[in-house]
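The values are calculated or read from the model by the stated rules, or taken from the named source; none is laboratory data. Here the structure is a predicted model, which means the values were calculated and not measured. For neighbour counting, all protein chains shown are included, and Cβ atoms are generated from backbone atoms with ideal geometry for every residue, glycine included. Surface areas here come from the heavy atoms of the whole protein model, side chains and all, with no ligands, DNA or RNA. Shrake-Rupley method; radii C 1.70, N 1.55, O 1.52, S 1.80 Å.
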Amino acid sequence: MTDLDHILPLWQELREAGTEYVLATVVAVDGSGYRKPGARMLIAADGRRAGTISGGCLEGEVARKAFWRTENGPVVRRYSTIAEDGEVPYGMGCGGVVHLLLERSETAELVMRRLAGSFVDRVPLAIATVLDGEWIGYRAFWPSESGDNLDAAIAPALADVACEGFEEQQSLTRAVRIKEDRTATVRVEWNAARPGLFVFGAGDDAVPLVRQARQLGWYVAVADGRSNLATRARFPEAHNVQVLAAGEFPELGLRPTDASVVMTHSLEQDTRILAALLAEELAYIGVLGPRRRTDEILLSLAGEYDLPESHVDAQMETWMERLHAPMGLDLGGSTSAEIALAVIAEIQQCRHRASGLALRVIRARDGERRRVTA
């Protein structure tokens, strides 16, 4: 989904000009591949392109022949990095096979429109796409919309499998009975809601944090009570910059999959902001500064709730379990940019429920498990 931050501007330009384009989508990867299914590249007739489908080895070849390959409609093409049957492999060096759905704007326009809406509104979307047979390139979406203009003959079957992927929040590929006597290979692509990062604090240390989050394609909002700092001029990459009024917490459109960081460097502001964030369901709440400072904030909050003294420690522990305080991974470094990298890395780890371990450690463990079970 985050690739769309680069793809959508070119798509909107081509759409307004009425210019045809080709959309290349990774629909399957056998073995190792740099990009996974769902990765996209948009190709203009003048050679411009946005998005990536490999580590840089396939893009030129795919773009060069994209319009020729799609003269007769959508097609799934196989690109191998392995020498097979005397063929010269593409030089990705990954040792895998990438399958791409190539289609022109006639069929791609609908999926681009739905992806754009999902991206801007920050809502999840499941897309069911037929990958073979006479209906190749046909789609259904979940949630569906009245303007989808789907083929009534096959839409119900596709909608059912799209709904399944949406409810299970996962992508899948399977043979689907399109009609009574015909089946087709259908891939359901699950697109989670676009990640959001809400930065409470507009100091100099927030600038690299906002910039790095935007490079990942996240939605980013900045809020601070200091009007001289919370400005568009200081945060041109942010989607939303607000000045916090005293005693108020604005409606920011927080979602359960979003992350927030508290870094105003003001105990009064941080306490008020943290009280509001703890009332929300969020994937990540980070607090800048030492643990002692966060304890002080939580103790102040407990006092505001007028809790019995015997319940204060338990409530503070409950709150602390939801917080990343101090926020960030132990990556080393002390500059604003280095701290921002540590925070972004921890948010990414939480979003994907990843281990945070070095890949060489994980691969070594996987290899050891295979040797033990062999």
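Scan region 296-304 and give yes if some residue there is modelled with pLDDT under 95, open to solvent by 70 Å² or more (accessible area, probe 1.4 Å) and more than 23 Å from A202 (Cα to Cα), otherwise no.
Yes: one or more hits.
What are the residues in region 266-286 that are among the small types (G, A, S), out of contact with any Gly (no Cβ under 8 Å at 6 or more places or on another chain) and over 16 Å from E317 (Cα atoms), if any?
Within region 266-286, the first condition is being among the small types (G, A, S), and the residues that meet it are 266, 275-276, 279, 283, 286.
The next check asks that each one be out of contact with any Gly (no Cβ under 8 Å at 6 or more places or on another chain); those that pass are 275-276, 279, 283.
If the condition is that a residue be among the small types (G, A, S), out of contact with any Gly (no Cβ under 8 Å at 6 or more places or on another chain) and over 16 Å from E317 (Cα atoms), then A276, A283 are the ones that fit.
Is it the case, given these coordinates, that A221 is without any contact (Cβ under 8 Å) to a residue 40 or more places away in the chain, within 22 Å of D5 (Cβ to Cβ) and open to solvent by less than 10 Å² (accessible area, probe 1.4 Å)? Can you show your working first?
On the way: without any contact (Cβ under 8 Å) to a residue 40 or more places away in the chain: yes; within 22 Å of D5 (Cβ to Cβ): yes; open to solvent by less than 10 Å² (accessible area, probe 1.4 Å): yes.
Against the criterion (without any contact (Cβ under 8 Å) to a residue 40 or more places away in the chain, within 22 Å of D5 (Cβ to Cβ) and open to solvent by less than 10 Å² (accessible area, probe 1.4 Å)), A221 qualifies.
Pull out all pairs, ordered by first then second residue, where Cβ-Cβ is under 7 Å, the residues are six or more apart or on different chains, the first lies in region 32-50 and is at positive phi and β-branched (V, I, T), and the second is open to solvent by 10 Å² or more (accessible area, probe 1.4 Å) and part of a strand (DSSP E or B).
Between residues of region 32-50 that are at positive phi and β-branched (V, I, T) and residues that are open to solvent by 10 Å² or more (accessible area, probe 1.4 Å) and part of a strand (DSSP E or B), there is no close pair.
Aliphatic (A, V, I, L, M) and exposed (fewer than 12 other Cβ atoms within 10 Å of the Cβ), is that true of A279?
So A279 passes the test.
Are any residues in region 21-49 crowded, with 21+ Cβ neighbours inside 10 Å and among the small types (G, A, S), and if so, which ones?
A24, G33, listed by residue number.
Whether any residue in region 156-177 is of a type in the set (V, I, T), farther than 30 Å from Q215 by Cβ, in a strand (DSSP E or B) and touching a residue at least 60 places away in the same chain (Cβ under 8 Å) is what I want to check.
As a first pass, look at region 156-177 and keep what is of a type in the set (V, I, T): 161, 173, 176.
From what is left, the residues that are farther than 30 Å from Q215 by Cβ are 161, 173, 176.
Now narrow it down to the ones that are in a strand (DSSP E or B): 173, 176.
Going one step further and asking which of them are touching a residue at least 60 places away in the same chain (Cβ under 8 Å), we end up with 173.
Yes, the conditions are met somewhere in region 156-177.
Could you say which residue among A192, A238, A276 is among the small types (G, A, S) and over 23 Å from Q349 (Cα atoms)?
Details: A192 fails: over 23 Å from Q349 (Cα atoms); A238 fails: over 23 Å from Q349 (Cα atoms).
After applying the criteria, what remains is A276.
If I ask for residues that are at pLDDT 90 or above and either open to solvent by less than 50 Å² (accessible area, probe 1.4 Å) or in contact with a His (Cβ under 6 Å, 6 or more places away or on another chain) (or both), which ones from region 136-156 would you list?
Within region 136-156, I136, G137, R139, A140, F141 qualify.
Would it be correct to say that V210 is free of Cβ contacts under 8 Å to residues at least 40 places away in the same chain and in a helix (DSSP H, G or I)?
Yes, satisfied.
Looking at V111, V123, which one is closer than 22 Å to Q12 by Cα, assigned to a loop (DSSP other than H, G, I, E, B) and either open to solvent by 50 Å² or more (accessible area, probe 1.4 Å) or touching a strand residue (DSSP E or B) at 6+ places or on another chain (Cβ under 8 Å) (or both)? I'd like the intermediate steps shown before the answer.
Details: V111 fails: assigned to a loop (DSSP other than H, G, I, E, B).
Step by step, each of V111, V123 is checked, and only V123 is closer than 22 Å to Q12 by Cα, assigned to a loop (DSSP other than H, G, I, E, B) and either open to solvent by 50 Å² or more (accessible area, probe 1.4 Å) or touching a strand residue (DSSP E or B) at 6+ places or on another chain (Cβ under 8 Å) (or both).
Name the residue that is farthest from L254 (Cα to Cα), counting only residues in region 136-155 that are in a helix (DSSP H, G or I) and in contact with a helix residue (DSSP H, G or I) (Cβ under 9 Å, 6 or more places away or on another chain). Even if it seems obvious, please write down each step before you answer.
At the first step, the residues of region 136-155 found to be in a helix (DSSP H, G or I) are 146-148, 155.
Add one more test, that the residue is in contact with a helix residue (DSSP H, G or I) (Cβ under 9 Å, 6 or more places away or on another chain), and what stays is 147-148, 155.
Values: G147: 28, D148: 28, A155: 33 Å.
Looking at residues that are in a helix (DSSP H, G or I) and in contact with a helix residue (DSSP H, G or I) (Cβ under 9 Å, 6 or more places away or on another chain), I get A155.
Limited to region 213-224, what total is found for residues that are assigned to a loop (DSSP other than H, G, I, E, B) and not aliphatic (A, V, I, L, M)? I'd like the intermediate steps shown before the answer.
Let us first name the residues in region 213-224 that are assigned to a loop (DSSP other than H, G, I, E, B), namely 216-218.
Filter once more, keeping what is not aliphatic (A, V, I, L, M): 217-218.
Count: 2.
Determine which member of the set A325, A342, A314, A354 is in contact with a strand residue (DSSP E or B) (Cβ under 7 Å, 6 or more places away or on another chain) and either loosely packed, with under 13 Cβ neighbours inside 10 Å or free of Cβ contacts under 8 Å to residues at least 40 places away in the same chain (or both).
Values: A342 fails: in contact with a strand residue (DSSP E or B) (Cβ under 7 Å, 6 or more places away or on another chain); A314 fails: in contact with a strand residue (DSSP E or B) (Cβ under 7 Å, 6 or more places away or on another chain); A354 fails: in contact with a strand residue (DSSP E or B) (Cβ under 7 Å, 6 or more places away or on another chain).
So the residue among A325, A342, A314, A354 that is in contact with a strand residue (DSSP E or B) (Cβ under 7 Å, 6 or more places away or on another chain) and either loosely packed, with under 13 Cβ neighbours inside 10 Å or free of Cβ contacts under 8 Å to residues at least 40 places away in the same chain (or both) is A325.
Out of all the residues in region 224-263, which are among the β-branched types (V, I, T), surrounded by fewer than 22 Cβ atoms within 10 Å (Cβ to Cβ) and within 19 Å of the chain's Cα centre (by Cα)?
T257, the sole residue that qualifies.
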